[in-house]
Structure formats: structure tokens, C-alpha cells
Amino acid sequence: MGYARAFEQLGIAYLLCDWRNVAEAVARLPRSFAMVFGSDVVEMDALARRALATVPNAVWVNPWFDGEQAFFAGHGLPAEIWVWPEAHRQAVLELKPRFGFTATVPSGLNFFAGWERSGLPVYSLPLACDTSLYQVEGPADPAFDDVRLAFVGGYWKSKGRALDHYLRPFEDQLTIYGYNRWPYSGYRGKLDRRREPMLYRQAWVCPVVNEPTVALLKGQINERIFKVLGCGGTPVVDAVPAYRELFIEDELDIPRDATEFAANIRRLLNDPAERAELAKRGRAAVLARHTYVHRAMKVLGGLGLDLPEASTPS
């Protein structure tokens with residue numbers, strides 16, 4: 001939806017389309033272009049693939065590199081999740097995409113070298129801030145007046161290892177919302193999306209913790225960092241060096257380990273002036289480089305398309 005709303009801000013209407021309906025949609029909208037989630041391509045029938053191949057399109061792709069099976073096995077990761085079979089990869093290429101894309105930062109594009117060798121360039125399009133929702137202006141929620149540490153997100157086995165490593169020492173101060181239950185005393189259930197920006201604005205500090213594979217693959221730094229900063233909140237991030245490809249030192253402090261992460265939280269909880277300054281600098285960075293409008297404009301450029309004459313990026 002971040003991309004959809006960004007294109008809308010640029011004056012381009014969007015359509016969320018099941019692949020079963022894509023042939024009809026392309027016939028009805030011959031001047032359209034498409035962003036395709038690559039995991040779905042192997043399920044598509046020939047009619048849908050042929051239709052997509054007639055319009056400019058880009059596909060979100062999985063890694064493809066030499067030695068991938070041994071690499072994932074060596075790190076205890078299930079290769080079937082990360083490695084698409086040859087038939088799946090060929091199905092993607094049948095769409096004749098202008099480019100593939102990934103939320104991996106640029107230094108991790110070596111994990112996509114197989115696509116490049118097959119003639120498909122791969123762009124780094126990290127996740128970003130949906131400025132239509134995550135804004136610094138807005139009402140306050142009295143329920144969040146005394147929140148010191150706030151986290152919104154899911155908890156599952158692999159991610160839980162990282163969450164526990166960083167957050168368990170602060171369990172008694174954490175206010176947590178998520179779609180599935182956390183084994184933490186501060187879990188408060190689900191949070192309406194409209195209240196999420198209020199929580200980020202009002203909390204003293206918002207920890208940001210990634211899946212363990214993010215540091216390994218330099219991939220998909222989660223959307224939370226952009227949401228928190230877009231709302232004017234103060235994040236404290238985990239030890240993922242790839243953040244530095246998105247933010248300079250003055251914009252975001254990256255700890256070396258969980259000990260530094262904890263020290264950053266304790267320092268900021270006791271220093272409201274530093275919290276405000278870090279939030280200000282980080283938000284300026286997001287608005288300058290990391291909104292979905294920025295990503296959407298890169299998509300249009302990669303597809304060889306121009307902005308509508310009346311569009312005004314914001």
C-alpha cells in the first residue's frame with residue numbers, strides 16, 4: 001500500500017489485482033504498468049504471464065547466486081524458502097520484466113547475480129515511509145501518554161531469537177502491539193493502524209529489531225525504522241551494519257552489539273533533548289530520501305516511464 005499511495009500522490013491511479021484477473025485488467029488498461037510479487041509468478045497460468053509480458057513490468061525477486069544451497073545450509077536456513085527452482089525463475093523471465101527489485105541494500109546485490117547473468121538487472125529498492133499515514137502531525141492518544149518503550153510487530157520463532165536478545169532486558173518497560181501474542185508481559189494485543197503513528201510520536205523511544213537474516217543477507221531492513229522516523233519518533237536500532245547505507249552517522253546511531261543497543265536505550269530514556277534532536281535529524285533524512293514516493297519515482301525511471309504532467313511529488 002505504500003507504493004500504491006505513492007503512485008496516487010504522483011497522479012497515477014493504482015489497481016491491486018489477483019493474477020487470475022490480470023489478463024482482463026491489461027486488456028482494459030493497455031497503458032498500464034505492473035509491479036509483480038515474484039513468489040506468485042510460478043502459480044500464474046500462461047494467459048496471465050503473456051498479458052503481463054505486454055506491459056512494462058518489474059518483479060520482486062528472490063536471491064539467485066552461485067553456491068546458494070551450501071550458503072543457506074551452512075547458516076541453518078531452509079533453502080526451499082530462499083531458493084526458487086529453475087522453473088520458477090524461468091517463469092519470471094517469461095514476463096520480460098524491465099528489471100527485478102529487492103528491498104536488500106546495494107551491497108547485498110551480489111546475492112542476485114544470477115538474475116543479472118540472465119539479462120535481468122536488479123535494483124535495490126529498500127522499504128520506506130508511507131507519508132500518507134506516518135506523519136509528525138496528528139492527534140494524541142491519552143492511552144500512550146506514559147509509554148516509555150513502544151514496539152509494534154509480530155513475534156515468531158526465528159525473529160523471536162533476535163527480539164529476545166535485544167528486548168528481554170527491557171520487558172518491564174515495553175508496550176507491545178502485534179497480530180500474534182508475544183511471550184512478554186507488556187503485550188497489549190492488536191493496534192488499529194490509525195493509532196500506530198500516535199504511539200510512535202508519543203513513546204519516548206521505539207526499539208527497532210530485524211529478523212536475523214537481515215544482517216546476514218543485507219536484506220529487507222524492516223519498515224519500522226521509516227515509520228518511526230516519519231512520525232517524528234525516536235528509534236533505537238539493532239546491530240545491522242547495512243543501516244549505514246541508508247543513514248549517515250548524524251542521522252542514526254548503529255550499535256555494535258546488544259550491549260551498545262541497551263546503552264543507547266538507557267541514555268535516550270534519560271535525555272529528552274537528545275531524543276528530540278535524533279528524531280528531527282532522522283525524520284529529515286527519511287523525507288529527503290526514504291519515502292515511497294522516492295521509490296515509486298525510481299520504479300518509473302526503471303520502466304522508462306515519465307511522470308504525469310500534473311504530478312507534484314511530495
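Quick look at the values:
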item: Lysine pairs meeting the criterion (Cα under 25 Å, 8 or more apart or interchain), as found in the chain; result: 12
item: Protein accessible area in the range 133-274, 1.4 Å probe - carbon and sulfur %; result: 50
item: Normalised contact order of the chain, rounded percent, pairs of Cα under 8 Å and 6 or more residues apart; result: 19
item: FRET efficiency for LEU15 and ARG289, using Cβ-Cβ distance with R0 set to 25 Å, rounded to 0.05; result: 0.35
item: Relative contact order of the range 175-314, defined on C-alpha pairs under 8 angstrom at six or more residues apart (%); result: 19
item: Accessible area in square angstrom per residue, the range 181-259, 1.4 angstrom probe; result: 41
item: Mean accessible surface per residue for the range 1-112, computed with a 1.4 Å probe while every protein chain stays in place, in Å²; result: 52
item: Trypsin sites (Lys or Arg not before Pro) within the range 255-314, DSSP loop, no more than 16 other Cβ atoms inside 10 Å; result: ARG256
item: Listed residue (ALA23, VAL36, PRO126) projecting farthest to the positive dipole end of the range 1-127, Cβ model; result: ALA23
item: Exposure rule at most 11 other beta-carbon atoms within 10 Å, DSSP loop GluC sites (Glu not before Pro): the chain longest free segment; result: 1-136
item: Separation of alpha-carbon centers, the range 1-60 and the range 209-279, rounded to whole Å; result: 34
item: Extension gain, ASP141 back to LYS157 (0.36 nm per residue minus Cα-Cα distance, nm); result: 2.6 nm
item: Fluctuation leader among ALA91, ALA13, ALA262 - the chain, Gaussian network, Cα springs under 10 angstrom; result: ALA13
item: Label selected from (1) 1.00; (2) 0.98; (3) 1.10, the criterion being Rg/Rh (Cα atoms, Kirkwood Rh) as computed here; result: (2)
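The values are calculated or read from the model by the stated rules, or taken from the named source; none is laboratory data. Model, not experiment: these values are computed from the prediction. Glycine also receives a Cβ, built like all others from the backbone with ideal geometry; neighbour counts cover every protein chain displayed. We work out accessible area using only protein heavy atoms, side chains counted, and drop any ligands, DNA or RNA first. Shrake-Rupley method; radii C 1.70, N 1.55, O 1.52, S 1.80 Å.
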